[in-house]
Amino acid sequence: MRNDAAAVGELLDPVGRSDFDGPLLDVRDLTTHFQTPRGIVRAVDGVSFTLEAGRTLGIVGESGSGKTVLSRSILGLSPRRQLVDPQGQILFEGRDLRPMDEHELREVRGRQISMIFQDPMTALNPVMKVGRQIMESLRVHFDMSKADARERAIDLLGQVGIPSPGVRVDEYPHQLSGGMRQRVMIAIALSCEPKLLIADEPTTALDVTVQAQILDLLGRLQSERNMAVVLISHDLEVVGGRADDIAVMYAGRIVEMGPAAELFKATRMPYTDALLRSVPNIEDPPHTRLLAIGGRPPDLVSPPPGCRFNPRCPRAGFRCGVQEPPLAPDDDNVHHIYRCWYPVGGPTGPEAEAAEARPRRVEH
Amino acid sequence: MGALIGKKVVQLAAVLLVVTFFSFLLIHLLPGDPAATIIPLGTDAQRTQLRKDVGLDKPLVSQYTRWLGKFVRGDFGRYYRQFGGEPVRKRLSQALPVSLQLLVYAEVLALVIAIPLGILAAYRAGTWVDRFLSTGAFASLAIPDFVLALVLIFYLGVKLKWFPVLGYVHFGQSPTEHFKSMFLPAFSLALAQAAVYMRLLRSDMIATLQEDYILMARSQGLPTWRILLRHALRPSSFSLLTVAGISVGTLIGGAIVIEAIFTLPGVGLTIFQAISERQYIAVQACVAVIGCGYVVVNFVVDLLYTALDPRVRHAA
Ligand SMILES: Nc1ncnc2c1ncn2[C@@H]1O[C@H](COP(=O)(O)OP(=O)(O)O)[C@@H](O)[C@H]1O
Ligand code: SF4
Ligand SMILES: [Mg+2]
């Protein structure tokens, strides 16, 4: 197999700036609100994080917590007509993607930042040969000839571990298994050597046995290319061993974020704790997990006052329903931040409030 | 794939038998003695000749097989006139190309109008562009084709003199004049059809544009036109293609009237004249030809549909 990273490296366009030394992606106070007949849905509400080149950020949260909206907002793929007053900055190599129009974004999409989607059956065009679907990006971004693009598509299919790529290139998605389709999607996403890959639940629709293979493949391709990855999942376990940092989302906000090991070792936010202690659900279809706590994420049209997690939180005190906790660093590690008045490891809300209300013993 | 086509060919043969049988029956649905109806003023000798030609004295089934045998060999019977009559085949062989041209032009024109507008309406769904196109579509559906034909004749033909108002020019004679002579009839037939196609493509395309694979294409930075034409059009065009095929029937019906209005010497005009002259043998042959044409067109559309959708192709 040829070394394609080198071959394509020659094609790198001037948009790719190698002299920039800040974080690859710096998202600041991102807000994505949708206008709906029911009211304004606060799907992403003031999210900030940074991601360095070559690193992996895991984003975890129950279904409906805003992970998909967040990831699509980064590439400006949210339905524009529904957006209400989009706020924040998305600095990619220092350039803000937020105010860009479709035309400007097109140079970034696929070329600098790529996405892979949850369901490889619906995310591949059913009436287009997989080879042509890979060739499309190459032809648009690199202006490749048909023959060159096809050759490169076959190469890419080989790189993502598809056997006899020269044959598969002319097949349609329905002729491939679920795992193979996901590999094709990865080949499409990586065709133009992006610096950042956003993988939104890349294995949720796949069999458990295939899951690990796909995640391993992603890991390998990532380190070969020194590519940064945002790995999104509702399953903390999927993200666990693979992310450098983890952000936990709840109701459109980041509620806890920090280095993966730290987050597992010194979990602070009761919601993260609940995610950690969830168990695989045997009865329902694969990939659903039972949380240790009941209830569902709140309606994002009218989230509860105070801490958004308080209606479900086993540690909630009176204060939690009134005042929203800030996203503040942990005493032991400034890189570990969380939103909680009564974090795991200390007294629960009722305990702490009772202690406060009790008159102090006066020392004589 | 091969087995599928084989099955469809058998179906086709069965349907053709039914269609020809009912066309054949036409002459027996006439009240009274067909010979007297067709030749009201002729001599008894002529009527006897007719009965002998058609075999009216034989049982129905053997009449049919005899008629069918002649029909497939291209013997469509003849006209019965006071002083002899020409074979129907001679008239039909001149009329058929004209009608086919009219149908093809009308269909192509309808698609040429409908596809870009349908894509545009879907892409701009919910905006004033979409509402404007939808209103236009409903308006053109509300106008009967013959009324449109008369309006076009009056304004573009008589007043502006851009197009000839009647008659037919052979392509070989003058291509420009040929297309000029066919434009108004084809357009009159096509407009309502275009409205139907546009609405259909619009709604299928709107559904396609919601698909994940379109989002995927967008996330790869492909230009809008490329997404619309290369990624969204084909998966959105299955019902359009099917309806375009089925609509050939509607077009054939419309063409009879349009040919009569523009005096285009096609099958429609031939039937029209044959009915008014009570030449039911000729009517019978024309109806059978049109019926078979209709069935064969739908057969071809069905095959095309299979070729267009790889999921169907491989399921076979
Ligand atoms: N276009 C939209 N219009 C209105 N609400 C939306 C839209 N897209 C997503 N939402 C809402 O935003 C919330 C977050 O959704 P999503 O990002 O898909 O969650 P996740 O990916 O974490 O499961 C959900 O309540 C969803 O209904
Ligand atoms: S702030 Fe209160 S309600 Fe929110 S997570 Fe912490 S303890 Fe629970
Ligand atoms: Mg999601």
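The values are calculated or read from the model by the stated rules, or taken from the named source; none is laboratory data. Only a predicted model underlies this, so the values are computations on that prediction, with no experimental measurement involved. Cβ placement follows ideal geometry from the backbone for every residue including glycine, while neighbour counts extend to all protein chains displayed. Ligands, DNA and RNA are excluded from the accessible area calculation, which covers all protein heavy atoms including side chains. Shrake-Rupley method; radii C 1.70, N 1.55, O 1.52, S 1.80 Å.
Each row is one residue, and each column tells you yes or no for (1) on the phi < 0 side of the Ramachandran plot; (2) in contact (Cβ under 8 Å) with a residue 40 or more places away in the chain; (3) not β-branched (Val, Ile, Thr).
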site: B:Trp225; (1), (2), (3): yes, no, yes
site: B:Thr242; (1), (2), (3): yes, yes, no
site: B:Gly254; (1), (2), (3): yes, yes, yes
site: B:Tyr294; (1), (2), (3): yes, yes, yes
site: B:Leu308; (1), (2), (3): yes, yes, yes
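Among the residues of the range A:109-130, those identified as more than 8 Å from chain B (Cβ to nearest Cβ), among the hydrophobic types (A, V, I, L, M, F, W, C) and not in a helix (DSSP H, G or I) are A:Ile113, A:Ile116, A:Met121. How many residues, within the range A:322-347, are without any contact (Cβ under 8 Å) to a residue 40 or more places away in the chain and open to solvent by 30 Å² or more (accessible area, probe 1.4 Å)? Result for the range A:322-347: 11.
Residue selection: B:Phe187 fails the criterion of being more than 10 Å from chain A (Cβ to nearest Cβ), open to solvent by 60 Å² or more (accessible area, probe 1.4 Å), farther than 30 Å from A:Pro194 by Cβ and not polar (S, T, N, Q).
Yes/no matrix, rows are residues, columns are (1) away from ligand 1 (no atom under 16 Å from the Cβ); (2) open to solvent by 10 Å² or more (accessible area, probe 1.4 Å); (3) free of Cβ contacts under 8 Å to residues at least 40 places away in the same chain:
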residue	(1), (2), (3)
A:Leu77	no, no, yes
A:Pro86	no, yes, no
A:Asp96	yes, yes, yes
A:Pro99	yes, yes, yes
A:Glu104	yes, yes, yes
A:Arg109	yes, no, yes
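Residue check: B:Ser203 meets all listed conditions (1) more than 30 Å from B:Cys292 (Cβ to Cβ); (2) open to solvent by 20 Å² or more (accessible area, probe 1.4 Å); (3) within 14 Å of another protein chain (Cβ to nearest Cβ) but one, namely (3).
Here the range B:82-99 is the region considered, the condition is being surrounded by fewer than 14 Cβ atoms within 10 Å (Cβ to Cβ) and touching a residue at least 40 places away in the same chain (Cβ under 8 Å), and the residue that is nearest to the chain's Cα centre (by Cα) is B:Gln94. Of all the criteria given as (1) open to solvent by 20 Å² or more (accessible area, probe 1.4 Å); (2) more than 25 Å from B:Pro164 (Cα to Cα); (3) modelled with pLDDT under 90; (4) part of a helix (DSSP H, G or I), the one not satisfied by B:Ala244 is (1).
Could you list all residues from the range A:234-254 that are at pLDDT 95 or above and more than 16 Å from ligand 2 (Cβ to nearest atom)? Selection gives A:Ala243, A:Asp244, A:Asp245, A:Ile246. The set of residues in the range A:71-94 that are β-branched (Val, Ile, Thr) and within 16 Å of ligand 3 (Cβ to nearest atom) contains only A:Ile74.
Taken over the range B:207-226, the criterion of being closer than 25 Å to B:Ala137 by Cα and buried (at least 18 other Cβ atoms within 10 Å of the Cβ) is satisfied by B:Thr208, B:Leu209. Taking the range B:1-77 and the helices (runs of 4 or more DSSP H) fully enclosed by it, the elements with 2 or more residues that are exposed (fewer than 13 other Cβ atoms within 10 Å of the Cβ) are at B:2-25, B:44-54, B:60-72. Considering (1) open to solvent by less than 40 Å² (accessible area, probe 1.4 Å); (2) touching a Leu at 6+ places or on another chain (Cβ under 9 Å); (3) hydroxyl-bearing (Ser, Thr, Tyr), the lone condition that B:Tyr123 does not fulfil carries the number (1). Scanning the range A:71-107 for residues that are within 20 Å of the chain's Cα centre (by Cα) and of a type in the set (Asp, Glu) gives A:Glu93, A:Asp96.
If the condition is being in a loop (DSSP other than H, G, I, E, B) and modelled with pLDDT under 95, then the range A:336-364 contributes A:Gly345, A:Pro347, A:Thr348, A:Arg358, A:Pro359, A:Arg360, A:Arg361, A:Val362, A:Glu363, A:His364. Residues of the range A:223-242 that are more than 16 Å from ligand 1 (Cβ to nearest atom) and under 9 Å from A:Thr56 (Cα atoms): A:Met227, A:Ala228, A:Val229, A:Arg242.
Give the residue that is surrounded by the most Cβ atoms within 10 Å (Cβ to Cβ), with candidates limited to residues of the range A:194-208 that are at pLDDT below 95 and more than 16 Å from ligand 1 (Cβ to nearest atom). Per the criteria, the residue is A:Leu206. Taking into account only those residues within the range A:47-61 that are assigned to a strand (DSSP E or B) and open to solvent by 20 Å² or more (accessible area, probe 1.4 Å), which is farthest from ligand 1 (Cβ to nearest atom)? Once the filter is applied, the top-ranked residue is A:Thr50. Does B:Ser219 qualify as being in contact (Cβ under 8 Å) with a residue 24 or more places away in the chain and either within 10 Å of chain A (Cβ to nearest Cβ) or under 15 Å from B:Leu103 (Cα atoms) (or both)? The answer is no for B:Ser219.
For every residue, the table says whether it meets (1) over 15 Å from the mean Cα position of the chain (by Cα); (2) in a helix (DSSP H, G or I); (3) within 14 Å of chain A (Cβ to nearest Cβ).
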site: B:Leu215; (1), (2), (3): yes, yes, yes
site: B:Gly254; (1), (2), (3): no, yes, no
site: B:Thr270; (1), (2), (3): yes, yes, no
site: B:Arg278; (1), (2), (3): yes, no, no
site: B:Val295; (1), (2), (3): no, yes, no
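Of the numbered criteria (1) out of contact with any Pro (no Cβ under 6 Å at 6 or more places or on another chain); (2) open to solvent by less than 60 Å² (accessible area, probe 1.4 Å), the one A:Gly64 fails is (1). Scoring B:His231 on the criteria (1) open to solvent by less than 50 Å² (accessible area, probe 1.4 Å); (2) away from chain A (no Cβ under 13 Å) leaves a single failure, condition (2).
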